[in-house]
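The block underneath contains the structure these notes are about, expressed in structure tokens.
Nothing in this text is a laboratory measurement; each read-out follows from the coordinates by a stated rule. Bear in mind the structure is a predicted one, so any value in this text is a computation, not a measurement. Quick reminder, even Gly has a Cβ in these numbers, built from the backbone with ideal geometry, and neighbours come from all protein chains shown.
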Amino acid sequence: MTLDLTSEVQLDPTIQFSSLTTLNEPQHIFLTGASGFLGAFLLDSLLHQTQAEVHCLIRCPSEAEGWARLKKHLEFYQLWNPALAQRIHVVPGDLSKPLMGIEDSVFDFLADTIDVIYHSAAQVNSFYSYKALKSTNVLGTHELLRLAAKQRSKPVHFMSTLAVFFSPAHFQEEPVKETDVPDVALKGGYKQSKWVSEALLREAQARGLQASVYRTARLMGDTRVGINGNTQDFLCSMLKACVHLQQVPAVDANINMMAVDFAAQAIVKMSLQVENLNRAFHLYNPTPTHWNELYAALEAAEYHFERVPFDTWLERLKQATQAEPRSRTYAPVAFLLRSPTFLFAPKPPMDNAQAQQALAALNLECPVNNEALLKLYMDYFKSDFFN
Ligand SMILES: NC(=O)c1ccc[n+]([C@@H]2O[C@H](COP(=O)([O-])OP(=O)(O)OC[C@H]3O[C@@H](n4cnc5c(N)ncnc54)[C@H](OP(=O)(O)O)[C@@H]3O)[C@@H](O)[C@H]2O)c1
């Protein structure tokens, strides 16, 4: 049966945003996805850039266990700061459940207390179907909107992806604007689930919600230590496969990637400016990285390769996958290469006038992926991930 994404956009009619929000300094923030890659850096930025208490939705059996997990997670990214930690509160829950799996009384307390919501949690998985992702990515957003509406309206800052535009309708000469609505003819469960979430958000906005959408490019490690929590990503998997095959494909392609700490800092700073509310922002690196620069960075990290035509490399990958069908190095790459918008495929041209303006007003400039930063990334991969 074909999936009709439009019919998936069903917002409970009782979710209504009656009162207009007055935007003061937030005292209480609700954050999802703090135990993830971007979410950890969002939490750090929120703690540094506001004085607010941050209530983090964490999948955990108890507050104590969630707290221990979050502490370990922040330590992993070298973000743990005991002086700020007292402003973190763990809310046990699960996005895939009604009311996000939050106890009724806690949900009511949050509905009454929270000033603003940052929604970063999602199942970020390019292998799963829409059906598999729906409960967390779509119904989770639905329940989050229920929280945003209850008692008094709270603005929502939604983390999305530029990939919502990777559909045939947007392969046009005119760059995709931040004000454009993504076309529905989109392939891939993950992108589809983000499309439906964005559509739910638009429906809620039509009912009075104040919301901003941040569509980011591929996130890479942070600029201080290069730690990358996104290693299941296609680019990371591809680099690892090259290291193991000792071959790289000769490809003329640019890859857009943005350091996660910059993305988080930019999102939080932009979100705190009233004039940025009710807008969408395309956050991509103005200086894309050529595949050859990544290849050079691998060589600088003392990996040695044979450079071969793409088809030869594909054949080599196929052989390696057949020889090791359960390999976690080759199989994911082989699978992802089947996607029509795979790593090296052309992407629709993008415009980011609104993001440029907002970033310039805050004196924020996206770090260039220069040799030093790429070295930091490769050194991190070399320390563990590439083994
Ligand atoms: N990474 C990128 O390159 C990229 C690019 C564009 C957009 N984005 C968007 O940015 C956001 C964050 O991505 P990320 O890379 O940080 O992802 P991530 O590292 O995989 O983190 C996902 C987060 O979502 C949480 N989560 C998943 N299912 C949940 C559920 N049922 N209930 C509650 N929490 C749940 C995870 O919690 P657990 O720890 O319990 O699993 C984790 O905290 C996503 O919305 C994604 O679409 C990411």
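Normalising by the residue count of the chain, find the relative contact order in percent from Cα pairs under 8 Å and 6+ residues apart.
Relative contact order, the chain: 18 percent.
Which aspartates and glutamates, on any chain, are close to LYS71 with Cα under 15 Å apart, when same-chain ones fewer than 8 places away are left out?
ASP44, GLU63
Using the Cα centre of the chain as the reference point, and only Cβ charges (+1 on K/R, -1 on D/E), how large is the resulting charge dipole? Debye, rounded to the nearest 20.
Dipole magnitude for the chain comes out near 580 debye.
How compact and how long is region 1-64, expressed as Rg and Dmax of its alpha-carbon atoms in Å?
Computed over the Cα atoms of region 1-64, radius of gyration and Dmax are 16.9, 50 Å.
If each of SER62 and GLU371 carries a label point 7 Å out from its Cα toward its Cβ, how far apart are those two points in nm?
In this crude spin-label approximation the distance works out to 5.4 nm.
Counting only other residues whose beta carbon sits under 11 Å from that of TYR77, what net charge do I get with K and R as +1, D and E as -1?
-2
How many percent of the alpha carbon pairs in region 288-361 exceed a separation of 15 Å?
Tail fraction, whole percent: 72.
Considering the convex hull of the alpha carbon atoms of region 102-192, report its projected area averaged over all viewing directions, in nm², one decimal.
Computing the convex hull of the Cα atoms and averaging its projections yields 6.9 nm².
Starting from the Cα coordinates of region 219-293, work out the convex hull volume and express it per residue in Å³.
Once divided by residue count, the hull of region 219-293 is 116 Å³.
Which of ASP233, ASP108, ASP252 moves most in a GNM of the chain, Cα contacts under 10 Å?
Largest GNM mean-square fluctuation: ASP252.
At 15 angstrom or more along the helix axis (alpha-carbon based) and mean Kyte-Doolittle of 1.0 or higher, what helices does the chain contain? Whole DSSP H runs only.
Span-like helices here: 37-49, 234-245.
Which one, ALA353, LEU99, GLN86, is farthest towards the positive end of the dipole of the chain when Lys and Arg carry +1 and Asp and Glu -1 on their Cβ?
Sorting the options by dipole projection puts first LEU99.
Taking N as the number of residues in region 170-226, what is its alpha-carbon radius of gyration divided by 2.2 N^0.38 Å?
It is 1.43.
Which aspartates and glutamates does LYS382 reach when only Cα atoms under 14 Å apart count, and residues fewer than 8 places away in its own chain are ignored?
Qualifying aspartates and glutamates at Cα under 14 Å: GLU299, GLU302.
Past the 20 Å Cα-Cα mark, which pairs from LYS318/LYS347; LYS187/LYS240; LYS134/LYS191; LYS97/LYS134; LYS97/LYS194?
Table pairs above 20 Å Cα-Cα are LYS318/LYS347; LYS187/LYS240.
From the C-alpha gyration tensor of region 58-209, pull out the three semi-axes of the equivalent ellipsoid (sqrt of 5λ each), sorted largest to smallest, in whole Å.
One finds semi-axes of 30, 19, 15 Å for region 58-209.
What's log10 of I(q)/I(0) for region 42-129 at q = 0.14, 0.21, 0.22 Å⁻¹, Debye sum over Cα points only, no solvent?
-0.55, -1.17, -1.26
Can you tell which of ALA148, MET238, ALA185 lies farthest toward the positive end of the dipole of region 136-284, using +1 and -1 charges on the Cβ of basic and acidic side chains (Lys, Arg; Asp, Glu)?
ALA148
Rg and Dmax of region 249-323, using alpha carbons, in Å: what are they?
Rg then Dmax for region 249-323, in Å: 18.8, 56.
Taking the Cα atoms of the chain, report the difference between the largest and smallest coordinate on each principal axis, in whole Å and largest first.
62, 49, 42 Å, listed from the longest principal axis down.
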